[in-house]
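Worksheet: the structure to be examined is printed underneath.
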2 protein chains.
Amino acid sequence: MISADQALVKKMNKKLVLREIIHTSPVSRAKLSEVTGLNKTTVSSQVADLLDDNLIFEIGQGLSSGGRRPVMLVFNKNAGFTIGIDLGVDYLTIVLTDLEGTIVSESHQKIDSTLPCDLQKLMITLLEKQISVIPDSRYGLIGICLGVPGLVNNDQELTFTPNSNWSEIPFKQILEQTFQVPVFVENEANTGAYGEKEYGAAKHFKNIVYVSINAGIGTGVIQNNELLKGKNGLFGEMGHTVIDFNGPRCTCGNRGCWELYASEKALHQSLMSNNQTVMWQDILHRAKQNDPQVLQALDTFGFYLGIGLKNIINTFDPEVIILRNRIIEAFPQVLNSIRHTLVPNHTHAPDVNILLVSALKHNATALGAAAIMIKHFIDGVTA
Amino acid sequence: MISADQALVKKMNKKLVLREIIHTSPVSRAKLSEVTGLNKTTVSSQVADLLDDNLIFEIGQGLSSGGRRPVMLVFNKNAGFTIGIDLGVDYLTIVLTDLEGTIVSESHQKIDSTLPCDLQKLMITLLEKQISVIPDSRYGLIGICLGVPGLVNNDQELTFTPNSNWSEIPFKQILEQTFQVPVFVENEANTGAYGEKEYGAAKHFKNIVYVSINAGIGTGVIQNNELLKGKNGLFGEMGHTVIDFNGPRCTCGNRGCWELYASEKALHQSLMSNNQTVMWQDILHRAKQNDPQVLQALDTFGFYLGIGLKNIINTFDPEVIILRNRIIEAFPQVLNSIRHTLVPNHTHAPDVNILLVSALKHNATALGAAAIMIKHFIDGVTA
DNA sequence: TATACTTAATTTAGTCAATATATAAAGTAG
DNA sequence: CTACTTTATATATTGACTAAATTAAGTATA
């Protein structure tokens with residue numbers, strides 16, 4: 001069991017001061033004392049420590065409001081850098097960010113091979129390229145976080161991927177050995193949720209559900225600023241919840257899973273002609289030209305999404321739901337179909353404003369991964 | 001923002017020591033120092049405080065294992081008492097417990113009137129009777145917690161009750177004024193979940209879902225030992241999630257809600273003949289006599305329960321699900337029907353051992369309410 | 001029975017991070 | 001130029017924890 005002592009007090013207050021500087025910089029010692037409730041002496045001492053750590057620096061004097069001019073402090077966002085990865089079934093997005101999550105460099109690469117060894121080589125090559133451009137800094141590369149479309153257990157092993165062979169690769173182990181930095185592996189919906197919470201559409205909320213609609217449907221749930229994980233890290237994986245128990249059989253063994261109706265795969269299938277798959281770019285193009293068949297399909301898509309989103313509202317009682325889908329982002333009219341389903345003429349209907357579209361869009365997963373790594377780093381230097 | 005200081009350290013360690021005494025008493029100061037990691041001097045000091053508070057006492061010397069004999073400490077479970085209430089649509093259960101959740105006195109009363117003012121009088125009368133038997137103790141009645149079948153907002157106001165008029169009564173305000181003690185109001189599924197977690201079937205788990213099946217279906221979710229609440233306190237209220245979007249219209253405005261299929265109300269309706277309602281005692285009786293119609297109905301009941309429970313597993317990834325229903329408790333064969341639905345012949349099937357039956361049974365809600373009050377009290381005296 | 005060893009709990013002295021108060025630094029206002 | 005403000009630091013004190021020594025009370029063994 002863990003007992004408390006003065007070291008803990010110091011760490012807690014250090015984190016408190018650093019957080020406040022990050023969120024309100026530039027800020028003076030006096031102001032910090034005021035908002036944190038800490039004694040001025042204590043703040044000065046903590047600030048001295050943080051200056052030693054290169055986590056903050058002084059930018060000179062601020063404006064006087066009738067007395068001695070304050071020394072303004074700012075967060076040193078370039079004290080270190082992190083890499084967030086979005087590994088898809090057929091693409092690999094890598095972002096290099098500073099400690100505020102601002103992208104310094106990024107790469108988007110299509111994955112041509114389905115062989116795990118090819119992906120492994122590709123990933124390491126691309127990472128080496130990104131790492132080579134990291135500026136000189138006190139902490140350098142603080143770590144790598146990987147968002148993956150599949151089930152991640154509590155040991156951060158990728159145990160199941162529906163549409164790829166990536167679960168054969170022990171990412172954490174390989175990347176830690178290769179680059180000698182901490183590596184985290186997370187489900188893409190969880191990293192996406194965290195990204196939107198830190199930098200995106202959910203910045204000002206603490207109870208959110210993030211829904212990413214790709215080939216399948218992934219869900220990440222944040223409650224009181226904490227990602228919920230469940231026993232095996234599968235919390236919120238709602239793609240295979242049943243919305244019609246008489247419906248068609250799913251690959252998971254159940255009938256009428258949400259994914260069968262409201263995934264991009266389902267949308268594509270509804271538009272397939274002569275066994276010819278439709279590209280999503282085509283769908284978008286035709287939608288913008290008011291192609292009736294596509295508009296009809298998108299309306300149905302929205303209806304089915306709405307069914308599951310209604311379940312999400314009834315299940316998690318969130319402040320907001322963030323939708324992450326390339327078609328919805330480019331053609332927001334789909335939201336109207338969803339809202340029609342969500343809000344029948346009834347008193348118990350949820351607030352329509354609960355629906356938001358991803359602000360980070362195609363970078364949500366990678367930026368969220370970076371954000372998770374940054375949080376871990378900040379927790380580490382202040383503990 | 002809240003900063004840390006020495007007072008916080010002391011409180012944290014006080015709670016640590018008290019918890020350890022509660023869970024392992026009788027225990028010596030030396031042993032406490034060993035398991036908590038705190039210095040022997042610190043433990044002695046904290047123990048002295050707790051002795052002062054009458055929260056623990058010494059029961060004399062324990063056995064020597066080759067040295068000075070230890071002084072054994074135990075939790076003073078009679079330092080105070082609490083009342084937990086289970087308010088149903090037509091019944092009122094009250095339990096008076098000590099600080100370990102052991103029932104000292106209880107009352108089960110049928111509510112004949114549907115008038116709020118009648119219930120209010122009845123409740124106060126019964127509470128006065130229970131309070132009159134509380135033994136002399138340092139803290140006396142530490143508070144009252146009320147579990148209710150309806151929606152409770154973050155201000156502990158009962159905002160909606162599907163089958164009664166109880167939401168008109170400002171319980172918290174009335175009971176606090178009448179008895180001058182802290183009063184909490186919680187959804188019955190949340191108190192039940194907490195009760196099973198503290199004293200019942202889920203004692204050794206930290207990620208649990210509790211499902212109470214009455215006229216409707218209530219769900220309480222505990223993740224990492226914390227009750228999840230959501231924005232409006234509706235987290236986990238899954239009775240109105242859709243399991244068949246083509247299904248019949250529900251009073252909530254949606255189609256095919258789980259409650260329409262898997263509540264006791266649904267079971268009763270499936271067995272209704274000539275517009276004559278069936279009593280649950282009859283159902284049980286006929287089931288035990290192998291009445292085919294009832295067995296069939298229960299099998300269907302189990303199937304529909306299974307559909308929703310599968311969704312719960314896919315949604316919350318819990319260690320265990322606790323089922324609270326009087327018919328299932330008395331006739332556990334229903335579990336087999338549920339398990340058949342839960343586990344089709346498929347690799348992704350969940351572990352059948354995930355299903356547990358309530359250990360606290362008809363007292364789950366009231367005992368859970370008491371447990372919540374006790375937790376609040378312990379948090380209070382150590383803060 | 002005497003001696004050595006163990007274990008339990010307290011006493012005493014010291015550490016560390018916080019606070020309170022006083023002081024210094026550097027401005028504004030009239 | 002003087003009085004007042006605001007910012008930041010210096011000094012002394014407080015309080016919770018720790019370490020080491022001490023007291024207390026047993027067991028083990030020759």
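Listing for the model above:
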| quantity | calculated |
| --- | --- |
| Complete set of residues in segment A:1-41 that are of a type in the set (Ser, Thr, Tyr) and more than 16 Å from A:PHE57 (Cα to Cα) | A:SER3, A:SER33, A:THR36, A:THR41 |
| From the options B:LYS310, B:LYS361, B:LYS375, B:LYS288, residue that is out of contact with any Pro (no Cβ under 7 Å at 6 or more places or on another chain) and within 13 Å of chain A (Cβ to nearest Cβ) | B:LYS310 |
| Residues within segment B:272-322 that are of a type in the set (Asp, Glu) and out of contact with any Phe, Trp or Tyr (no Cβ under 8 Å at 6 or more places or on another chain), tallied | 3 |
| Count of residues meeting criterion [among the acidic types (Asp, Glu) and in contact (Cβ under 8 Å) with a residue 40 or more places away in the chain] in segment B:1-59 | 1 |
| Every pair of residues 6+ apart whose Cβ atoms lie under 9 Å, when the first sits in segment A:243-254 and is at the interface with another protein chain (Cβ under 7 Å from one of its Cβ atoms) and among the acidic types (Asp, Glu) while the second is surrounded by fewer than 21 Cβ atoms within 10 Å (Cβ to Cβ) and part of a loop (DSSP other than H, G, I, E, B) | A:ASP244/B:ASN246; A:ASP244/B:GLY247 |
| Condition broken by B:GLU237, with the remaining ones in (1) among the charged types (D, E, K, R); (2) more than 14 Å from chain A (Cβ to nearest Cβ); (3) under 24 Å from B:GLU264 (Cα atoms) satisfied | (2) |
| Residue list for segment A:63-116, restricted to those being more than 30 Å from A:GLU168 (Cβ to Cβ), outside any strand (DSSP E or B) and away from DNA strand D (no atom under 16 Å from the Cβ) | A:ASN76, A:LYS77, A:ASN78, A:ALA79, A:LEU99, A:GLU100, A:GLY101, A:THR102 |
| Matching residues in segment B:155-169 - criterion: being under 21 Å from B:HIS376 (Cα atoms) and more than 18 Å from the chain's Cα centre (by Cα) | B:ASP155, B:GLU157 |
| Listing of helices (runs of 4 or more DSSP H) fully contained in segment A:1-52 that carry 3 or more residues being over 18 Å from A:VAL381 (Cβ atoms) and within 9 Å of DNA strand D (Cβ to nearest atom) | A:29-36, A:40-52 |
| Boolean, B:SER263 is polar (S, T, N, Q) and more than 24 Å from the chain's Cα centre (by Cα) | no |
| Of the criteria (1) touching a strand residue (DSSP E or B) at 6+ places or on another chain (Cβ under 7 Å); (2) at negative phi; (3) in contact (Cβ under 8 Å) with a residue 60 or more places away in the chain, which one B:VAL89 fails | (1) |
| Matching option when the condition is more than 29 Å from B:GLY233 (Cβ to Cβ), within 14 Å of chain B (Cβ to nearest Cβ) and either in contact with a Cys (Cβ under 6 Å, 6 or more places away or on another chain) or part of a strand (DSSP E or B) (or both), among A:THR159, A:THR219 | A:THR159 |
| Residue in segment B:296-306 that is within 9 Å of chain A (Cβ to nearest Cβ) and part of a loop (DSSP other than H, G, I, E, B) present | no |
| Near pairs, Cβ below 9 angstrom, 6+ apart or cross-chain, from segment A:200-214 (under 16 Å from A:LYS229 (Cα atoms)) to any residue that is of a type in the set (Ser, Thr, Tyr) and not in a loop (DSSP other than H, G, I, E, B) | A:VAL209/A:THR219; A:VAL209/A:THR315; A:TYR210/A:TYR194; A:TYR210/A:THR219; A:VAL211/A:THR219 |
| Given (1) outside any strand (DSSP E or B); (2) more than 9 Å from DNA strand C (Cβ to nearest atom); (3) outside the structural domain of B:LEU158 (by TED's automatic domain parsing), number of the condition B:GLY60 does not satisfy | (1) |
| Residues located in segment B:255-285, provided they are in contact with a strand residue (DSSP E or B) (Cβ under 7 Å, 6 or more places away or on another chain), away from every other protein chain (no Cβ under 14 Å) and buried (at least 21 other Cβ atoms within 10 Å of the Cβ) | B:SER263 |
| Residues within segment B:249-288 that are of a type outside the set (Val, Ile, Thr) and under 26 Å from B:THR159 (Cβ atoms), tallied | 17 |
| Filter result (among the small types (Gly, Ala, Ser) and under 12 Å from the mean Cα position of the chain (by Cα)) within segment B:192-217 | B:GLY192, B:ALA193, B:GLY195, B:GLY200, B:ALA201, B:ALA202, B:SER212 |
| Check on B:LYS10, touching a Leu at 6+ places or on another chain (Cβ under 9 Å), more than 9 Å from DNA strand C (Cβ to nearest atom) and not assigned by TED's automatic domain parsing to the domain that holds B:ILE169 | no |
| From the options A:ILE124, A:ILE111, A:ILE144, A:ILE94, residue that is in the same structural domain as A:GLN177 (by TED's automatic domain parsing), surrounded by fewer than 15 Cβ atoms within 10 Å (Cβ to Cβ), under 20 Å from A:VAL185 (Cα atoms) and in contact with a Ser or Thr (Cβ under 9 Å, 6 or more places away or on another chain) | A:ILE124 |
| Among (1) outside any strand (DSSP E or B); (2) in contact with a helix residue (DSSP H, G or I) (Cβ under 6 Å, 6 or more places away or on another chain) - the single one B:ILE322 does not satisfy | (1) |
| Residue among A:ASP299, A:ASP282 that is in contact (Cβ under 8 Å) with a residue 24 or more places away in the chain, more than 30 Å from A:ASN54 (Cβ to Cβ) and more than 25 Å from the chain's Cα centre (by Cα) | A:ASP299 |
| Residue match in segment A:335-350 (condition: free of Cβ contacts under 8 Å to residues at least 12 places away in the same chain and in contact with a Cys (Cβ under 6 Å, 6 or more places away or on another chain)) | yes |
| Failed item, numbered, when A:ASP49 is tested on (1) exposed (fewer than 15 other Cβ atoms within 10 Å of the Cβ); (2) not assigned by TED's automatic domain parsing to the domain that holds A:GLU176 | (1) |
| Matching residues, segment B:216-238, being at pLDDT 90 or above and polar (S, T, N, Q) | B:THR219, B:GLN223, B:ASN224, B:ASN225 |
| Unique match (being within 16 Å of DNA strand C (Cβ to nearest atom), over 30 Å from A:PRO162 (Cα atoms), within 14 Å of chain B (Cβ to nearest Cβ) and under 31 Å from the mean Cα position of the chain (by Cα)) among A:VAL17, A:VAL27, A:VAL43 | A:VAL17 |
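One line per residue, one yes/no per condition, for (1) within 29 Å of the chain's Cα centre (by Cα); (2) away from chain A (no Cβ under 14 Å); (3) surrounded by fewer than 19 Cβ atoms within 10 Å (Cβ to Cβ); (4) at positive phi:
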| residue | (1), (2), (3), (4) |
| --- | --- |
| B:GLN6 | no, no, yes, no |
| B:HIS23 | yes, no, yes, no |
| B:LYS31 | no, no, yes, no |
| B:LEU55 | yes, yes, no, no |
| B:GLN61 | no, yes, yes, no |
| B:VAL71 | no, yes, yes, no |
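The values are calculated or read from the model by the stated rules, or taken from the named source; none is laboratory data. These numbers were taken from a predicted model, which means no experiment stands behind them. Here Cβ is always computed from backbone atoms with ideal geometry, including for glycine, and neighbour counts include all displayed protein chains.
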